[in-house]
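Beneath this line is the structure, given in structure tokens, with notes to follow.
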Amino acid sequence: MLDKLGAKGIFGVLLLLGGIAVIALQNLLIAAGIGLVVVGFVLVAWGLISGLMASFGMGGMMGGGFE
């Protein structure tokens, strides 16, 4: 999976996790909420991309779907 992200993607994930960790140092509950929001955004984007690819006949390319 990491090879598909590339260097910029890995750096972005590290920045995201680092930012949530800094927030967690102040308030764990707020950090948990932000983490849930980020996971929600990822799942929504995954669903949109999967639906778009399925409409072009490439539905099996995303892998690990929830259908």
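In segment 2-60, the inverse of the mean reciprocal separation of distinct Cα atoms equals 13.3 Å; this is its Kirkwood hydrodynamic radius. Working from label points 7 Å from Cα in the Cα-to-Cβ sense, the LEU36 to LEU15 distance is 2.7 nm.
Values quoted throughout were computed directly from the atomic coordinates according to the rules given, and no laboratory measurement underlies them. What you see is a predicted model, and the numbers here were worked out from it, not measured in a lab. Reconstructed Cβ throughout: ideal geometry from the backbone, glycine too, with neighbour counts over all protein chains shown.
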